[in-house]
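Enquirer: Okay, here's the structure, questions in a sec.
The values are calculated or read from the model by the stated rules, or taken from the named source; none is laboratory data. Please read these numbers as outputs of a predicted model, since none were measured by experiment. Ideal geometry is used to build each Cβ from the backbone, glycine not excepted, and the neighbour counts take in all protein chains shown. Protein only, heavy atoms only, side chains kept; ligands, DNA and RNA dropped before computing areas. Shrake-Rupley method; radii C 1.70, N 1.55, O 1.52, S 1.80 Å.
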Amino acid sequence: MDRAYRYTIRIVAALVAVLMLLPIGYMLVMSLTPEGFKTYSGGSFHLSLSNYKKVLDSAPIFGWMGNSLIVATCTTLLILLLSSMAAFAFSRVRFPGSKALFLIFLSGMMIPGEATLIPLYLMMRDMHMLGSLQSLILPALAGPMGIFILKQFFDGLPKELEEAARMDGAGFFRIWRTIFLPLSRPALGALAIFSFIGSWNDFLWPLISISDKAFMTITLGLPTFSSSYANSYALPMTANALATIPVLLVFLIFQKQIIKGIAFTGGKEM
């Protein structure tokens, strides 16, 4: 019975995986199909890289991807730094009102991002940052999710490690840097992946804050490019394939960190 159950689970998982990969496979095949040709006809396949050359010649795809890479990388690194410091303070530093302040941070998770767009726009306007890459990086640093994930992980670390370090004369900053950060690599890896992909795929706020084509991210550039080829399927699919490659590479490289991070941070008490 157990053996049949395991086989059933594996078959269902394989079918779900195939269904999830079908859109990606269709996108890749369409991107390799020359404009005006069918993928398969006359007993042969029509596949080439001509669409990629046309897309790269007609749109600054790499420039948009570069902007997205800068924003996503800076956002991820700053989130890891600030969230880990804040999570360490909430987990190990006792100060008046710490629990109430942490609950206030968590309440931010219940506020939809759309509700903060107008105040955020006015704030960026008054700070003269609208239309720059800084306006895409700074607002993302205020998310409470990273603090919540890392605090859950820090709470599970043995207090004996911290006490031993204090006996050796280590302060809060040294304990955070030399003990908590190395031990929290799985949680940091998971948070880095979520932050990078979330920043890379962000569309609504860049649409509002960025108007200069030189600072467009890939999520803004792709609709602009697709609107110029409304009657074509191959070229928009090719542009989407180019934009998907970095995210797929990041996920494939760090997928083990994602699984470990979820396993370590899930199910812990606050």
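Enquirer: Using the Karplus curve 6.51 cos²θ - 1.76 cosθ + 1.60 with θ = phi - 60°, what ³J(HN,Hα) values do you get for each residue of region 59-66, in whole Hz, with x for Gly and Pro?
Expert: Karplus values, whole Hz, x for Gly and Pro: 8, x, 4, 5, x, 5, 5, x.
Enquirer: Turning to a different aspect of this structure: Taking the Kirkwood radius as the inverse of the mean 1/r across Cα pairs, report the Rg/Rh of region 79-237.
Expert: 1.10
Enquirer: Mean residue ellipticity at 222 nm from the helices of the chain, using -39,500 (n - 2.57) per DSSP H segment of n ≥ 4 over the full residue count, to the nearest 500 deg cm²/dmol?
Expert: -22000 deg cm²/dmol
Enquirer: Gap in Å between the Cα centre of region 140-172 and the Cα centre of region 82-97?
Expert: Taking the Cα centre of each part, region 82-97 and region 140-172 sit 7 Å apart.
Enquirer: Using a 1.4 angstrom probe, figure out how much accessible area the chain has per residue, in square angstrom, rounded to the nearest whole.
Expert: So the chain comes to 61 Å² accessible per residue, rounded to a whole number.
Enquirer: Moving on to the next point. Would you kindly state the longest site-free stretch of the chain, with sites defined as GluC sites (Glu not before Pro) in a DSSP loop (not H, G, I, E, B) surrounded by at most 15 other Cβ atoms within 10 Å?
Expert: With GluC sites (Glu not before Pro) excluded where exposed in loops, the chain gives 36-268 as its longest stretch.
Enquirer: Roughly how much of ILE149 is accessible, in Å² to the nearest 10, using a 1.4 Å probe?
Expert: Looks like 30 Å² after rounding.
Enquirer: How far is helix 117-126 tilted off the main Cα axis of the chain, in degrees rounded to 10, range 0 to 90?
Expert: Once rounded, one gets 80 degrees.
Enquirer: In what order, largest first, do TYR5, TYR121 sit by accessible area if the probe radius is 1.4 Å?
Expert: TYR5, TYR121
Enquirer: Continuing with the same structure: State the volume of the convex hull built on the alpha-carbon positions of region 119-181, expressed per residue in Å³ and rounded to an integer.
Expert: With only Cα atoms used, region 119-181 gives 113 Å³ per residue.
Enquirer: Ordered by residue, what ³J(HN,Hα) values in Hz, to whole numbers, does region 8-23 give under the Karplus form 6.51 cos²θ - 1.76 cosθ + 1.60, where θ = phi - 60° and Gly and Pro are x?
Expert: Result, ordered by residue: 4, 4, 5, 5, 4, 4, 5, 5, 4, 4, 5, 4, 5, 8, 4, x Hz.
Enquirer: Ranked from highest to lowest mean number of other Cβ atoms within 10 Å per residue, what is the order of the peptides 56-69, 203-216, 135-148?
Expert: 135-148, 56-69, 203-216
Enquirer: Tell me the angle of helix 218-228 to the major Cα principal axis of the chain, expressed in degrees between 0 and 90 and rounded to the nearest ten.
Expert: 20 degrees
Enquirer: Separate question: Which order do LYS53, LYS99, LYS151 take by accessible area at a 1.4 Å probe, largest first?
Expert: LYS99, LYS53, LYS151
Enquirer: Next question, about the same structure. So what is the relative contact order for region 42-157, in percent, with contacts set as C-alpha pairs under 8 Å and at least six apart?
Expert: Value for region 42-157: 43 percent.
Enquirer: Based on a Kirkwood Rh over C-alpha pairs, give the Stokes-Einstein translational diffusion coefficient of region 11-133 at 20 °C and viscosity 1.002 mPa s in µm²/s.
Expert: 105 µm²/s
Enquirer: Right, another one. In Å, what Rg and Dmax follow from the Cα atoms of the chain?
Expert: 23.1, 78
Enquirer: Shifting gears a bit: Rounded to the nearest angstrom and ordered from largest down, what semi-axes does the equivalent ellipsoid of region 151-256 get from its C-alpha gyration tensor (root of 5λ)?
Expert: Working through the eigenvalues yields semi-axes of 45, 16, 9 Å.
Enquirer: Sticking with this structure for a sec: Relative contact order of the chain: what whole-number percent is it, with Cα pairs under 8 angstrom and at least 6 residues apart?
Expert: So the answer I get is 31 percent.
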